[in-house]
Protein chains: 2
Amino acid sequence: MQASTSLASAVDGQRFWKDLEAQAQIGALSPRGLQRLALDDQDNLARAWLIEQGDALGCSAHYDAMGNVFLRREGLDPTLAPLLIGSHLDSQPNGGAYDGTLGVVAGLAVLRTLVEQGITHARPVEVVSWTNEEGARFAPGASGSAWFTGRRDAEMILTAQDDDGLTFKAALADCLTLLEAHGAHFRTEPVMPHAFLELHIEQGPVLEEQGAPVCVVTGIQGVNWYEVEVHGQANHAGTTPEAMRCDAFMGAHAMVGALKAAVAEHDDQVRFTIGKFTVSPSSVNTIPNQARFTIDLRHPDAAVLEALDAAFQQLAQREWSGCTAQLKATSQVAPVAFDDTLVSVLDEAVQAHCPKAPRLVSGAFHDAIHLAHLCPTAMLFTPCRAGISHHPDEHIERADAEVAVRTLTHAVEQLLITRSHENDADN
Amino acid sequence: MQASTSLASAVDGQRFWKDLEAQAQIGALSPRGLQRLALDDQDNLARAWLIEQGDALGCSAHYDAMGNVFLRREGLDPTLAPLLIGSHLDSQPNGGAYDGTLGVVAGLAVLRTLVEQGITHARPVEVVSWTNEEGARFAPGASGSAWFTGRRDAEMILTAQDDDGLTFKAALADCLTLLEAHGAHFRTEPVMPHAFLELHIEQGPVLEEQGAPVCVVTGIQGVNWYEVEVHGQANHAGTTPEAMRCDAFMGAHAMVGALKAAVAEHDDQVRFTIGKFTVSPSSVNTIPNQARFTIDLRHPDAAVLEALDAAFQQLAQREWSGCTAQLKATSQVAPVAFDDTLVSVLDEAVQAHCPKAPRLVSGAFHDAIHLAHLCPTAMLFTPCRAGISHHPDEHIERADAEVAVRTLTHAVEQLLITRSHENDADN
């Protein structure tokens with residue numbers, strides 16, 4: 001890299017916002033919002049737009065067997081592992097314009113700045129758009145990054161079907177044809193990244209409340225999902241004395257109290273949510289014979305999740321208001337802690353642009369959760385209004401987003417300067 | 001009455017059980033259970049059977065404008081108010097063979113015993129079958145007794161429709177024609193009873209647990225029904241810190257705890273049931289924005305219900321985990337305490353046949369709830385297996401039922417002896 005003058009201030013904020021608006025038109029809903037389901041026509045057009053922008057910048061476009069798209073600005077030493085920046089372009093049905101797209105367009109803004117400022121760098125820089133992060137059309141999501149990092153088999157991804165019975169494989173074929181037609185080059189072998197950076201909207205309320213336009217994300221919470229059933233005995237609400245009841249609702253109520261108490265023994269980073277709760281037979285004057293509920297439990301520390309898992313399993317062994325309980329873990333995803341060195345680089349960049357920013361742990365999944373298993377990875381968050389996401393009302397302030405993009409650019413500058421000749425054994 | 005020797009021992013238990021089996025054939029389900037919806041063909045046949053039995057005993061049959069049927073054994077003084085004994089012959093859909101029918105057949109057993117023993121009595125004795133106690137075909141139930149006691153207008157009853165759109169009035173016309181054809185006499189004026197006795201299955205588990213074949217019922221609990229809504233804010237389960245949540249499930253959980261605590265300040269006769277409980281949007285990883293539940297609250301003492309009503313209303317004013325609540329009373333039925341003197345007579349009879357029997361307050365409604373507003377009224381309960389009712393598995397033990405019928409007969413004997421010349425101003 002030529003100089004250590006601040007590249008961040010050279011970012012063309014107007015152009016960045018124009019790019020974001022251009023992306024927001026592809027699959028736009030009326031009066032607002034976005035629908036670009038993975039590998040549908042709009043999602044493919046969004047990729048094509050990205051390739052065109054890269055082409056105009058003199059960057060080469062590449063794609064792989066899962067339709068992940070890479071814009072590459074070559075480095076002085078093409079053998080070095082590329083610095084990878086990006087996110088995803090697909091959306092939820094009836095979704096918002098910033099979830100994912102912001103991170104890709106921000107990467108493009110970094111490329112534009114490097115080109116416009118005539119910066120040269122030893123290490124290649126690549127902007128990536130991962131395929132099917134949302135999982136709304138083909139479940140589960142984060143297909144592109146999961147495959148890229150070797151954490152999910154192609155077979156599992158390709159055989160997934162959408163609601164119309166169309167396979168991922170069939171939808172992908174059209175996409176790959178389009179990418180080829182746009183002059184993107186097929187990569188037969190994955191390229192190992194030097195590091196991965198992802199800027200994303202927070203999808204939570206903390207940054208807005210704290211008035212911080214950007215912050216470092218130090219990791220992604222682990223998530224355990226459970227289904228609990230409490231079994232009692234149905235009886236007449238009027239004729240059955242309390243002492244003779246096996247009331248499944250009251251059993252569940254008591255058990256929830258104990259689960260809450262177990263959670264309260266840990267720090268306030270625990271997220272404990274009961275999102276579904278039903279009783280049967282669901283009649284005003286019948287004592288329920290069954291209560292069923294779900295638990296969504298999150299924490300950044302695997303040890304805390306393990307301790308709570310053990311506590312929950314123990315509580316399920318007890319009798320609750322004369323009822324028995326069953327607790328079944330339906331999903332367990334371990335937390336990820338991002339790379340310390342990379343987090344420090346982002347910390348410095350954030351300090352330069354927003355000294356009072358908090359550090360957050362992401363409560364939602366992102367492609368970075370898979371990348372973190374492959375290469376040094378870290379994220380930046382920027383606030384979204386009222387934490388609303390996956391909804392047409394998803395909204396970010398242009399001023400916040402610009403600070404976030406400048407922060408990202410600042411970090412990229414530091415990485416290209418200070419780390420361009422270190423640790424290249426990984427290439 | 002001729003003598004004070006025990007009429008109870010003269011009851012023909014075998015004949016009583018045969019009568020009950022004969023009734024169980026009318027509308028029988030396979031392999032067991034009964035379906036005789038109010039005023040359907042089977043329900044009408046059950047009335048015809050009753051009239052035929054009365055005819056064979058030399059009792060006259062009467063009916064009124066709601067199809068209530070009365071078998072009358074004349075007294076030496078026909079101007080005295082009749083002692084009324086009975087219950088109902090209609091059933092729930094997919095119901096049991098004893099709910100209601102037992103009380104009518106038990107009244108018939110009393111008549112048979114009086115006739116067979118050649119007993120004469122000053123006061124007339126009548127056995128009644130009330131129309132549409134269950135309310136399963138035409139809601140609300142207890143139509144016949146509610147009209148008879150002046151507590152419900154004929155218009156409201158007659159215009160009720162079944163699921164096929166047929167009115168109560170139309171179904172009743174067929175019934176009245178049949179009753180007339182069977183030689184029953186139409187009563188243009190209601191006959192004021194001297195007292196009303198009803199034997200019924202408990203429909204709860206207490207007597208079976210205590211091994212008591214019969215007990216006195218001292219009243220019927222009052223019932224308040226409520227609907228509660230707790231309003232919070234939907235948010236992402238992973239990204240929203242606990243301090244920033246308005247979790248409607250957790251609000252409802254806290255409120256239920258407070259409602260339970262309010263209930264616990266009263267005696268153990270309170271029945272507090274949450275039979276329905278739902279959350280929305282009902283997604284594993286979304287904090288619920290709404291929780292809705294019902295409350296079924298019962299107690300024999302109106303003052304306790306009033307105190308709890310006030311406490312519940314106050315609790316609904318509070319904030320629960322950052323959520324607001326609304327509590328709406330959807331139904332309030334005042335408790336009924338049965339006539340002390342009549343309860344004492346039943347107590348003596350029960351003491352003679354089952355010294356260890358408890359006294360119960362009925363948790364379910366019966367025709368007696370209306371009669372109690374018109375004349376001295378009381379009930380006897382006999383156990384049903386596991387408290388199961390409104391189900392084909394409804395079951396009573398013959399030995400228990402015989403003790404209950406003998407107890408009823410014992411009480412009738414006492415009433416005809418000791419009370420036949422008292423309090424006839426009510427006729």
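The values are calculated or read from the model by the stated rules, or taken from the named source; none is laboratory data. Just so you know, these numbers come straight off a predicted model, no measurement behind them. Please note: Cβ atoms are built from the backbone with ideal geometry, for glycine as well, and neighbour counts cover all protein chains shown.
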Taking the stretch A:224-245, which residues are within 30 Å of A:Ala364 (Cα to Cα), within 8 Å of another protein chain (Cβ to nearest Cβ) and buried (at least 23 other Cβ atoms within 10 Å of the Cβ)?
none
Of all residues in the stretch B:249-275, which are facing chain A (nearest Cβ under 7 Å) and either in a loop (DSSP other than H, G, I, E, B) or more than 24 Å from A:Gly232 (Cα to Cα) (or both)?
B:Asp268, B:Ile274, B:Gly275
Just a yes or no: is a residue in the stretch A:187-201 within 14 Å of another protein chain (Cβ to nearest Cβ) and surrounded by 15 or more Cβ atoms within 10 Å (Cβ to Cβ)?
yes
Tell me whether the stretch B:122-141 contains one or more residues that are surrounded by fewer than 18 Cβ atoms within 10 Å (Cβ to Cβ) and over 28 Å from B:Pro392 (Cα atoms).
yes
Taking the criterion of being under 17 Å from A:Phe70 (Cβ atoms) and under 15 Å from the mean Cα position of the chain (by Cα), would at least one residue in the stretch A:112-121 satisfy it?
no
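Which residues, taken from the stretch A:169-194, are hydrophobic (A, V, I, L, M, F, W, C) and either within 19 Å of A:Ala48 (Cα to Cα) or modelled with pLDDT under 95 (or both)?
Within the stretch A:169-194, A:Ala170, A:Ala171, A:Leu172, A:Ala173, A:Cys175, A:Leu176, A:Leu178, A:Leu179, A:Ala181, A:Ala184, A:Phe186, A:Val191 meet the criteria.
Tell me yes or no: at least one residue of the stretch B:323-335 is over 23 Å from B:Val127 (Cα atoms), under 14 Å from the mean Cα position of the chain (by Cα) and not in a helix (DSSP H, G or I).
Within the stretch B:323-335, the subset over 23 Å from B:Val127 (Cα atoms) is B:323-335.
Narrowing the set further to residues that are under 14 Å from the mean Cα position of the chain (by Cα) leaves B:333, B:335.
Going one step further and asking which of them are not in a helix (DSSP H, G or I), we end up with B:333, B:335.
Yes: the stretch B:323-335 contains one or more residues that are over 23 Å from B:Val127 (Cα atoms), under 14 Å from the mean Cα position of the chain (by Cα) and not in a helix (DSSP H, G or I).
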Checking B:Asn235 against (1) outside the structural domain of B:Phe148 (by TED's automatic domain parsing); (2) at pLDDT below 95; (3) farther than 30 Å from A:Gln203 by Cβ, which test does it fail?
(3)
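For every residue, the table says whether it meets (1) within 24 Å of A:His236 (Cβ to Cβ); (2) surrounded by 19 or more Cβ atoms within 10 Å (Cβ to Cβ); (3) within 11 Å of chain A (Cβ to nearest Cβ).
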residue: B:Asp247; (1), (2), (3): no, yes, yes
residue: B:Phe277; (1), (2), (3): yes, yes, yes
residue: B:Thr294; (1), (2), (3): yes, yes, yes
residue: B:Val304; (1), (2), (3): yes, yes, no
residue: B:Ala310; (1), (2), (3): no, no, no
Give the stretch A:355-368 a look and list any residue that's buried (at least 19 other Cβ atoms within 10 Å of the Cβ), modelled with pLDDT of 95 or more and not in a strand (DSSP E or B), or say none.
A:Ala357, A:His366, A:Asp367, A:Ala368
Collect the residues in the stretch B:202-221 that are more than 10 Å from every other protein chain (Cβ to nearest Cβ) and touching a strand residue (DSSP E or B) at 6+ places or on another chain (Cβ under 8 Å), keeping them in residue-number order.
B:Leu207, B:Pro213, B:Val214, B:Cys215, B:Val216, B:Val217, B:Thr218, B:Gly219
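Give the residue, chosen from A:Ser344, A:Ser282, that is outside any strand (DSSP E or B), more than 14 Å from chain B (Cβ to nearest Cβ) and among the polar types (S, T, N, Q).
Working: A:Ser282 fails: more than 14 Å from chain B (Cβ to nearest Cβ).
Testing whether each residue is outside any strand (DSSP E or B), more than 14 Å from chain B (Cβ to nearest Cβ) and among the polar types (S, T, N, Q) leaves just A:Ser344.
Take A:Thr159 and decide whether it is touching a strand residue (DSSP E or B) at 6+ places or on another chain (Cβ under 7 Å), free of Cβ contacts under 8 Å to residues at least 60 places away in the same chain and closer than 30 Å to B:Phe365 by Cα. Please lay out each step first, then the result.
Working: touching a strand residue (DSSP E or B) at 6+ places or on another chain (Cβ under 7 Å): yes; free of Cβ contacts under 8 Å to residues at least 60 places away in the same chain: yes; closer than 30 Å to B:Phe365 by Cα: no.
Against the criterion (touching a strand residue (DSSP E or B) at 6+ places or on another chain (Cβ under 7 Å), free of Cβ contacts under 8 Å to residues at least 60 places away in the same chain and closer than 30 Å to B:Phe365 by Cα), A:Thr159 does not qualify.
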Go over the candidates B:Leu39, B:Leu108, B:Leu71 one by one and state the one that is without any contact (Cβ under 8 Å) to a residue 60 or more places away in the chain and surrounded by 24 or more Cβ atoms within 10 Å (Cβ to Cβ).
B:Leu71
State whether one or more residues within the stretch B:43-59 are among the polar types (S, T, N, Q), more than 30 Å from B:Gly118 (Cβ to Cβ), modelled with pLDDT of 95 or more and under 21 Å from the mean Cα position of the chain (by Cα).
yes
